[in-house]
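Asks: Structure provided below as structure tokens; questions to follow.
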Amino acid sequence: MQRCLDGDDGTLGCVSARLLVGAAVNAEVLDQQDYAEVLASEFGYVTPENVMKWGPLQATADSWDFTKADELLAFTEQHGQLVKGHALVWHVQQPDWTTGLDAPALVSAVEAHIKQTVPHFAGRLRAWDVVNEAILDGGLGIRPGLHTALGISGMADAFKWAREADPSAKLYYNDYGIELFNDKSDAVYRLIQDLLAAGAPIDGIGFQAHFSTRHYPSLEGLRANIARFADLGLTVNISELDVRTAEVPGTKAERLAAQAITYREVAAACALEEACEAVTLWGFTDAYSWVDGEFGADDPLPWDETYQKKPAHAALLLGLAGEPSLAGAELVADGGCETGTGWSGFGGATIGVVANGRTGNACRATARTEEYHGPGVSLTGKVPQGSTVSVRAYARIANAEGGRIRMILKKAEAGVADEYRELAGRVAPNADWVLLTANFTLGFATTPSELTLYVESPAIDGQLPNLLVDDMTVKILSAD
Ligand code: XIL
């Protein structure tokens with residue numbers, strides 16, 4: 001939703017007629033003039049970074065303190081900004097006094113918290129994150145502690161209590177690591193289905209999107225995943241976007257250029273998918289980011305410490321307008337595996353071309369004797385230092401039981417240990433073709449002696465099934 005101020009000279013909030021563009025706000029520094037100016041001029045949507053969380057609001061079992069949250073709302077209302085409350089049910093920043101409560105007591109505490117908190121802000125918030133981070137990494141089920149105490153019915157109740165207390169607020173589920181098709185997003189998908197079946201009024205889902213340039217969802221992968229959650233009747237919001245750069249070696253200019261591409265791709269995915277309604281950054285200036293404390297010193301946001309715009313700002317303007325980064329020439333000669341030119345059996349598998357491809361022929365690895373044996377292509381000498389690569393391929397396992405397929409990048413460089421970077425991994429059921437796609441940024445000190453992309457899968461009942469790949473594209477992304 002466009003939010004343009006007089007004399008607007010290209011602010012994030014003014015670009016898109018449709019998208020809300022937001023930032024998480026650190027209420028502790030709202031009185032700093034530079035901070036407040038950028039926030040008020042660039043963003044039409046605000047998520048309180050901390051002051052609407054359970055712990056900060058309810059220090060003891062029977063005392064609520066809304067002062068800081070109310071101060072923040074005074075600011076947003078003065079500046080005509082919409083607000084998303086965050087987050088009612090979360091295991092982090094849970095009040096100390098809830099430690100050690102048994103499950104029924106915890107459920108009662110959540111009920112009291114929601115029934116006290118949501119009415120206080122009723123009518124003033126556009127939305128609430130009701131349940132945050134309920135699924136364990138790897139899709140291994142509901143997180144122990146708070147979420148498990150509630151279970152499906154208790155989490156569904158949380159949504160119902162919130163709806164009753166503020167019927168005008170949209171209600172969301174929010175999580176990290178679910179931005180692309182993977183085991184965790186599959187588990188969240190099933191959780192949402194269960195919650196909806198239990199009558200939970202869920203309007204939307206937030207993909208947190210705490211990314212690193214090292215690897216992150218491609219435009220295509222992110223769009224596909226937004227679309228599948230939209231099929232559940234949900235809207236999608238990119239809820240906590242930030243982009244770490246320190247994991248990939250390179251000059252500062254290279255790192256910031258790669259970061260800009262990441263911001264642009266993510267914003268464009270949201271702009272191009274009808275069901276995606278908002279892009280919220282987790283902060284906006286590198287002066288205040290949770291990343292430094294959580295992951296180590298970095299520069300994850302579009303403004304630097306002195307409030308100068310970084311390349312990511314201009315990139316976001318383009319992405320929010322629905323213009324992704326530009327893709328260069330195809331790096332793989334025979335991505336469609338029509339002749340098998342340039343393909344090999346990584347690790348020792350036998351490679352061949354078969355007729356039953358997804359489109360035309362496909363590459364097939366047979367005689368696999370290790371999990372990591374699979375179809376591979378060489379990128380050696382094709383990826384300059386600092387560049388961002390977008391890769392996609394379809395793969396399938398020739399076994400009806402299916403299994404988990406992973407796409408790996410191997411980098412060998414003199415004087416450093418070989419690196420095996422998992423770019424994508426997902427369960428391929430019933431020998432179906434599955435999309436594997438990711439973006440990655442490559443940094444190195446000396447020219448890599450080997451750069452290979454390959455696909456692998458584990459044994460099924462002691463047998464390593466044949467593994468097929470088709471329709472691969474590998475392209476370098478750039479700003480111009
Ligand atoms: C973080 C805040 O940024 C920090 O200031 C705080 O100490 C911890 O929480 N996922 C979420 C956010 O949903 O609420 C988290 O925010 C970051 C991860």
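Asks: Can you tell me how much longer the chain between Q308 and R124 gets when fully stretched, taken as 0.36 nm per residue apart minus their C-alpha distance, in nm with one decimal?
Replies: Numbers: separation 184, 0.36 × 184 = 66.24 nm, distance 3.19 nm.
Answer, rounded to one decimal: 63.0 nm.
Asks: Now for a separate question. Please turn the phi angles of region 283-294 into ³J(HN,Hα) values with the Karplus equation 6.51 cos²θ - 1.76 cosθ + 1.60 (θ = phi - 60°), one per residue in order, whole Hz, x for glycine and proline.
Replies: Working through the residues one at a time gives x, 8, 10, 4, 5, 9, 9, 5, 4, 4, x, 8 Hz.
Asks: Per residue of region 72-88, in order, report the coupling 6.51 cos²θ - 1.76 cosθ + 1.60 (Karplus, θ = phi - 60°) as ³J(HN,Hα) in whole Hz, putting x for Gly and Pro.
Replies: These are the phi-based 3J(HN,Hα) values: 5, 5, 4, 5, 5, 6, 4, 9, x, 9, 7, 9, 10, x, 7, 9, 6 Hz.
Asks: Label region 328-478 by shape, choosing from rounded, prolate and oblate, from the square roots a ≥ b ≥ c of the eigenvalues of the Cα gyration tensor; if a/c is under 1.5 it is rounded, and otherwise prolate applies when a/b is larger than b/c, oblate when it is not. Please list the in-between numbers first.
Replies: On the way: a/c = 1.82, a/b = 1.49, b/c = 1.23.
Here region 328-478 falls in the prolate category.
Asks: Of the peptides 217-224, 187-194, how do they stack up when ordered by the mean number of other Cβ atoms within 10 Å, highest first? Please report the intermediate quantities before stating the final value.
Replies: Working: 217-224: 22.8, 187-194: 17.9.
Result, highest mean Cβ count within 10 Å first: 217-224, 187-194.
Asks: Relative to the present Cα-Cα distance, how much length would full extension add between S168 and T447 at 0.36 nm per residue of separation? Don't skip to the answer; put the middle values down first.
Replies: Working: separation 279, 0.36 × 279 = 100.44 nm, distance 5.68 nm.
That pair, S168 and T447, stretches by 94.8 nm at full extension.
Asks: Per residue of region 336-353, what does 6.51 cos²θ - 1.76 cosθ + 1.60 with θ = phi - 60° give for ³J(HN,Hα)? Whole Hz please, x for Gly and Pro, Karplus curve as stated.
Replies: Computed from phi, the couplings for region 336-353 are x, 6, 7, 10, x, 4, x, 8, 9, x, 4, x, x, 5, 8, 10, x, 10 Hz.
Asks: Note the full-extension length gain between S108 and T473 as 0.36 nm times their separation in residues minus their Cα-Cα distance, in nm to one decimal.
Replies: Details: separation 365, 0.36 × 365 = 131.40 nm, distance 5.26 nm.
Length gained, S108 through T473: 126.1 nm.
Asks: Would you calculate the volume per residue, in Å³, of the smallest convex hull containing every Cα atom of the chain? Provide the component values of the computation, followed by the final result.
Replies: On the way: hull volume 72.9 nm³, N = 480.
In the chain, the Cα hull volume divided by residue count equals 152 Å³.
Asks: What net charge is computed for the residues neighbouring L316, neighbours being all others with C-beta under 14 Å from the C-beta of L316, Lys and Arg scored +1, Asp and Glu -1? Please report the intermediate quantities before stating the final value.
Replies: On the way: positive: R264, K309, K310; negative: E42, D242, E265, E323.
Around L316, the charge tally is -1.
Asks: Between Q116 and A355, what FRET efficiency follows from the Cβ-Cβ distance if R0 is 56 Å, with the result rounded to 0.05? Present the calculation step by step, with values, prior to reporting the outcome.
Replies: Numbers: r = 65 Å, r/R0 = 1.17.
E between Q116 and A355, to the nearest 0.05, is 0.30.
Asks: Given R₀ = 22 Å, what would the calculated FRET efficiency be for T148 paired with S63, taking r from the Cβ atoms and rounding to 0.05? Provide the component values of the computation, followed by the final result.
Replies: Numbers: r = 27 Å, r/R0 = 1.22.
The value I calculate is 0.25.
Asks: Okay, which of region 1-33 sit inside 19 Å, backbone N to the point 7 Å along the Cα-Cβ direction of E274?
Replies: Zone members listed by number: 1, 17-20.
Asks: Classify region 1-59 as rounded, prolate or oblate from the Cα gyration tensor: take a ≥ b ≥ c as the square roots of its eigenvalues, call it rounded if a/c is under 1.5, otherwise prolate when a/b beats b/c and oblate if not.
Replies: Note, shape of region 1-59 comes out oblate.
Asks: Enumerate by residue number the chymotrypsin sites (Phe, Trp or Tyr not before Pro) in region 203-242 meeting two conditions: DSSP loop (anything except H, G, I, E, B), and at most 10 other Cβ atoms within 10 Å of the site's Cβ. Can you show the working numbers first?
Replies: Working: sites: F207, F211, F229; in loops: none.
Answer in residue order: no site qualifies.
Asks: What net charge do the residues around L468 carry, taking every other residue with its C-beta under 9 Å from that of L468, with Lys and Arg at +1 and Asp and Glu at -1?
Replies: Working: positive: R358, R364, R396; negative: D470.
Neighbour charge sum, excluding L468 itself: +2.
Asks: Taking neighbour counts of Cβ atoms within 10 Å as a proxy for exposure, in what order, fewest first, do C4, C276 appear?
Replies: Working: C4 11, C276 25.
So the ranking, lowest neighbour count to highest, is C4, C276.
Asks: Between helix 33-42 and the chain, what is the angle of the helix's C-alpha long axis to the longest principal axis, kept within 0 to 90° and rounded to the nearest 10?
Replies: 70 degrees
Asks: What is the distance in Å between the Cα centroid of region 274-341 and that of region 101-140?
Replies: Spelled out, the Cα-based centre of one part sits 31 Å from the other.
Asks: Which angle from 0 to 90°, rounded to the nearest 10, does the C-alpha axis of helix 311-320 make with the longest principal axis of the chain?
Replies: 90 degrees
Asks: What's the exposure ranking of E254, E456, going from fewest to most Cβ atoms within 10 Å? Let's see the in-between values first.
Replies: Working: E254 20, E456 27.
By the 10 Å Cβ count, ascending, the order reads E254, E456.
Asks: Name the long-range amide H neighbours of V236: under 5 Å, sequence gap of 5 or more, or other chain; modelled H, no Pro or chain starts.
Replies: I205, C276, E277
Asks: Which value in nm describes the separation of the simple spin-label points at A227 and A459, placed 7 Å from the Cα toward the beta carbon?
Replies: The modelled label-to-label distance comes out at 3.8 nm.
Asks: As a footprinting exposure proxy, order D471, D432, D175 by other Cβ within 10 Å, with the fewest listed first.
Replies: Details: D471 18, D432 13, D175 22.
In increasing order of surrounding Cβ atoms, one gets D432, D471, D175.
Asks: Would you grab the residues whose amide H sits under 5 Å from the one on R404? Only those 5+ places off in sequence or on another chain, please, with H modelled 1.01 Å from N.
Replies: Close amide H contacts, sequence-distant or interchain: A428.
Asks: Provide the percentage of antiparallel DSSP beta bridges, counting only those with both residues in the chain; round to the nearest 5. Numbers along the way, then the final one.
Replies: Numbers: 59 of 94 bridges.
Just about 65 percent of them are antiparallel.
Asks: Which lysines does K411 reach when only Cα atoms under 18 Å apart count, and residues fewer than 8 places away in its own chain are ignored?
Replies: Correct list for K411: K382, K475.
Asks: Taking every DSSP beta bridge with both residues inside region 328-478, roughly what % is antiparallel (nearest 5)?
Replies: The antiparallel proportion sits near 100 percent.
Asks: In a shell of Cβ-Cβ distance under 14 Å around Q2, excluding Q2 itself, what net charge do Lys and Arg (+1) and Asp and Glu (-1) give?
Replies: Here the charged neighbours net out to -2.
Asks: Let me ask another. If the cut-off is a Cα-Cα distance under 28 Å, which lysines reach K68, setting aside same-chain residues fewer than 8 apart in sequence?
Replies: Here the lysines satisfying the reach criterion relative to K68 are K53, K84, K115, K160, K170.
Asks: For K310, give me every one of the lysines with a C-alpha distance below 24 angstrom, ignoring sequence neighbours fewer than eight places off in its own chain.
Replies: In chain and number order, the partners are K252.
No lab work stands behind these numbers, since they all come straight from the coordinates. For clarity, every value in this text was computed on a predicted model and none was experimentally measured. Quick reminder, even Gly has a Cβ in these numbers, built from the backbone with ideal geometry, and neighbours come from all protein chains shown.
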